[in-house]
Amino acid sequence: MALNHYFNNIVTATTSIFEGMSITFSHLLRKPVTIQYPDRVEKPVQEMLPARYRGILDLDINLCTACTACQRACPIDCIHIDEVKVDKTYIIVPETGRKVAKIKSPAVFNINIAKCMYCGLCTEACSTSAIKHTPKFEMSTDNLNNLILRFVPPEESERLKAEEPEVIKRAEERKAAEAAARAAAKAAEKKSPPDPE
Amino acid sequence: MYEFLSSLIQRHELLKSLPDEWVYLVGMLIFAGIVLTFASLFAGITSYVERRIAGRMMSRIGPNRVGPHGFLQWLADGIKTFQKEDIIPAQADRALFRFAPYIVFAGFFASFVVLPFSSALIISDLNVGLIYIFAVTSFVVVGILMAGWASNNKWSLFGGMRSAAQIVSYEIPEGLAALPIIFLAGTLSTQGIIQAQGWAPWDWFIFHNPFTFIAFFIFYITLLAEGNRAPFDIPEAESELVSGYNTEYSGMRFLLFFFAEWGNLWVMGAIMTIMFLGGWQSPFHFDNALLTHLIELLIFTAKTSVIIFITIQLRWTLPRVRVDQLMNVCWKYLVPFSFVNLFGVAIWMLVFPNGFAPMSYLMTLLGVLILGIFIRRVIYNLKQAHVEIHVNPLI
Ligand code: SF4
Ligand code: SF4
């Protein structure tokens, strides 16, 4: 039995080494899978990435309703939003075609991409899909401050903040006007009771 | 080369007027320089080639940035390592620590003395050639043990001890597997062994009879172990011993170890070629001595390269053996088999004092058959993987 084992060992060793060598040799004849990023790629790496790749975040400021859902969803607080009231508009969510009223807009929308861990929780929280991952992944810089993405430029943010009281006033006026109109309508209803016939 | 120098002295008046010893000394120094240049170039380029081959075997590319197709990578690495500070650990045995790499290097380099490149290109055709090779290559173990001990680091010491155990045990099957060839050739001189063979595969000692065929593999395995090549690289097992005996080394001394390791590939391939593959024997004979030697050189280099390639391929195919497995392989398998081989060859020589040609043809056929099966398996593996074939080695 032991002798059998002994010779079996030899046979196994020989055949498995032979087989292993044939496999490694066959690899010599295969094309390497290496992608020679960044300078020797046939097409940009971003185009080779899968559609749902979680790269650097991007915001469509027009779609954002400044609901701060993303800010609250982020586990590490890398999103900072200051919201301001704006004139009421309606936006269409591209994916679903849903119509959403927009009464607020971000005056400051900063994402500290240096802290971000690309978990995607913010994109899941966003009801208008304003915040999204892009396949972009190259953002190396020598200054940490450059990694804070500011989606609202400072002037724009100043303007929005400055206009806010007016917007509020307008909204209140409109509300008041609406309320007045409603009251007037009601009064008119009362004044002219339905024809007794 | 001694004869060459003698004839030079005979022919030139100027040399005649000088004392003979001086001429020999200078001549030998020049030859040593040539061989050293060859060895260093070879070690450097092989390190690059090995990395490229390893890359392709792992579906990677390997170094391809420095110079055309990364060819100058070895130079860049060498220069970089050369510039590094030579750190000696505070607790190390300074003298031994400094000295060890030179011993390793000397052990490897000294074997070049008897390695022929063609029928005339040899530094010295010692009549104890093979014994000399075994002697100087086992000198390496002294250096490795010295390095391991002097580093005063447990990993290094482990590496050194393992290396000692390994090389000392594998010396036995090595010698025993070489004996059949010495029997057949009737000489220990490397040139003598080559002259006892012919250019055709059936004249080579590997295909002489079934016993030498087995001896080929036994000897090859022991050479791998002697050279600390994977799968027997346990003295520097990265996953267990950091880097083994050379953990504490840096700079030039570190480079010397690697130099010896890659240079050793040539020694290994050359010994295999000399003993089993017919050395520089070529079927072509020209009147022009230079041309003849060039062809012989090419043939020798080609055969050696094949062995080197197989060695590299083995390294990237097989996992490292454990220490106990290493000893098992040596004492339980290689030693008994080499004894059987020894007797087999002895009896064979008694029965067929002049060799038995049909057996040689048969063994050659067997070799071709094995090669054929190998190619079929490679094609099968390629088909199984459904990949596009890309033969160009330079991507
Ligand atoms: S991806 Fe995750 S970590 Fe990054 S901003 Fe969104 S929620 Fe925060
Ligand atoms: S969840 Fe979407 S809509 Fe809400 S603040 Fe964030 S980005 Fe804007």
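May I ask you to list the residues in region A:14-54 that are exposed (fewer than 12 other Cβ atoms within 10 Å of the Cβ) and within 7 Å of chain B (Cβ to nearest Cβ)?
Within region A:14-54, just A:V33 meets the criteria.
For region B:302-316, give me each residue that is away from every other protein chain (no Cβ under 14 Å) and in contact (Cβ under 8 Å) with a residue 24 or more places away in the chain. Outline the logic, then answer.
Our first condition is that a residue be away from every other protein chain (no Cβ under 14 Å); within region B:302-316, this holds for B:302-305, B:308.
Correct list: B:K303, B:T304, B:S305, B:I308.
Taking region B:17-34 only, how many residues are touching a helix residue (DSSP H, G or I) at 6+ places or on another chain (Cβ under 7 Å) and modelled with pLDDT of 85 or more? Outline the logic, then answer.
Step one: filter region B:17-34 for residues touching a helix residue (DSSP H, G or I) at 6+ places or on another chain (Cβ under 7 Å), giving B:20, B:23-24, B:27.
With modelled with pLDDT of 85 or more added as a condition, the list becomes none.
Total satisfying the criteria: 0.
Filter region A:94-117 down to the residues that are open to solvent by less than 40 Å² (accessible area, probe 1.4 Å) and more than 16 Å from ligand 1 (Cβ to nearest atom) and list them by number.
A:V100, A:K102, A:S105, A:A107
Has region A:155-173 got at least one residue that is open to solvent by less than 80 Å² (accessible area, probe 1.4 Å) and in a strand (DSSP E or B)?
no
Can you tell me which residues in region B:358-395 are open to solvent by 50 Å² or more (accessible area, probe 1.4 Å) and away from chain A (no Cβ under 14 Å)?
B:P358, B:Y361, B:L362, B:L365, B:V368
Considering region A:118-147 alone, what residues qualify as being open to solvent by 40 Å² or more (accessible area, probe 1.4 Å), more than 12 Å from ligand 1 (Cβ to nearest atom) and not basic (K, R)?
Residues satisfying the conditions are A:S127, A:P135, A:F137, A:E138, A:M139, A:S140, A:T141, A:D142, A:N143, A:L144, A:N145, A:N146.
Go through region B:221-244 and report how many residues are touching a Pro at 6+ places or on another chain (Cβ under 6 Å) and closer than 17 Å to B:P101 by Cα. It would help to see each step written out before you state the result.
Residues of region B:221-244 touching a Pro at 6+ places or on another chain (Cβ under 6 Å): B:222, B:228, B:244.
Within this subset, residues satisfying the condition of being closer than 17 Å to B:P101 by Cα are B:228, B:244.
Number of matching residues: 2.
Just one of the numbered conditions (1) of a type in the set (A, V, I, L, M); (2) at pLDDT 85 or above; (3) within 18 Å of the chain's Cα centre (by Cα); (4) crowded, with 20+ Cβ neighbours inside 10 Å is not true of B:M146; which one?
(3)
Out of curiosity, is A:R40 within 30 Å of A:S127 (Cα to Cα), basic (K, R) and away from ligand 2 (no atom under 16 Å from the Cβ)?
Numbers: within 30 Å of A:S127 (Cα to Cα): no; basic (K, R): yes; away from ligand 2 (no atom under 16 Å from the Cβ): yes.
Against the criterion (within 30 Å of A:S127 (Cα to Cα), basic (K, R) and away from ligand 2 (no atom under 16 Å from the Cβ)), A:R40 does not qualify.
As an exercise: evaluate B:C330 against (1) under 23 Å from B:F207 (Cβ atoms); (2) surrounded by 18 or more Cβ atoms within 10 Å (Cβ to Cβ) and give the number of the one condition it does not meet.
(1)
Can you name the residue in region A:126-156 that is within 16 Å of ligand 2 (Cβ to nearest atom) and touching a helix residue (DSSP H, G or I) at 6+ places or on another chain (Cβ under 8 Å) and is also farthest from the other protein chains (Cβ to nearest Cβ) among such residues?
A:S127
Within region B:183-196, restricting attention to residues that are more than 16 Å from B:A270 (Cα to Cα) and not small (G, A, S), which residue is surrounded by the fewest Cβ atoms within 10 Å (Cβ to Cβ)?
The initial filter retains those residues of region B:183-196 that are more than 16 Å from B:A270 (Cα to Cα), namely B:183-187, B:196.
Restricting the remaining residues to those that are not small (G, A, S) gives B:183-184, B:187.
Working: B:F183: 14, B:L184: 22, B:T187: 17.
Out of the qualifying residues, it is B:F183.
For A:I91, work out the one condition from (1) open to solvent by less than 70 Å² (accessible area, probe 1.4 Å); (2) more than 10 Å from ligand 2 (Cβ to nearest atom); (3) hydrophobic (A, V, I, L, M, F, W, C); (4) farther than 26 Å from A:E138 by Cβ it doesn't fulfil.
(2)
Name every residue in region A:53-67 that is within 7 Å of ligand 2 (Cβ to nearest atom), touching a strand residue (DSSP E or B) at 6+ places or on another chain (Cβ under 7 Å) and not small (G, A, S), in order of residue number. Walk me through how you get there before you give the answer.
Initial filter on region A:53-67 (within 7 Å of ligand 2 (Cβ to nearest atom)): A:59, A:63-67.
Narrowing the set further to residues that are touching a strand residue (DSSP E or B) at 6+ places or on another chain (Cβ under 7 Å) leaves A:59, A:63-66.
Once the filter is applied, which keeps residues that are within 7 Å of ligand 2 (Cβ to nearest atom), touching a strand residue (DSSP E or B) at 6+ places or on another chain (Cβ under 7 Å) and not small (G, A, S), region A:53-67 yields A:L59, A:L63, A:C64, A:T65.
Only one of (1) surrounded by fewer than 22 Cβ atoms within 10 Å (Cβ to Cβ); (2) within 30 Å of B:T364 (Cβ to Cβ) is not met by B:S250, so which one is it?
It fails just one condition, (2).
Do we find that A:I76 is within 16 Å of ligand 1 (Cβ to nearest atom), farther than 26 Å from A:P94 by Cβ and of a type in the set (V, I, T) in this structure?
In short, yes.
The values are calculated or read from the model by the stated rules, or taken from the named source; none is laboratory data. As the structure is a computational prediction, the values presented were derived from the model and not from experiment. Counting neighbours? That spans all protein chains shown, and the Cβs are built from the backbone with ideal geometry, glycine included. Note: areas computed on protein heavy atoms with side chains; ligands, DNA, RNA excluded. Shrake-Rupley method; radii C 1.70, N 1.55, O 1.52, S 1.80 Å.
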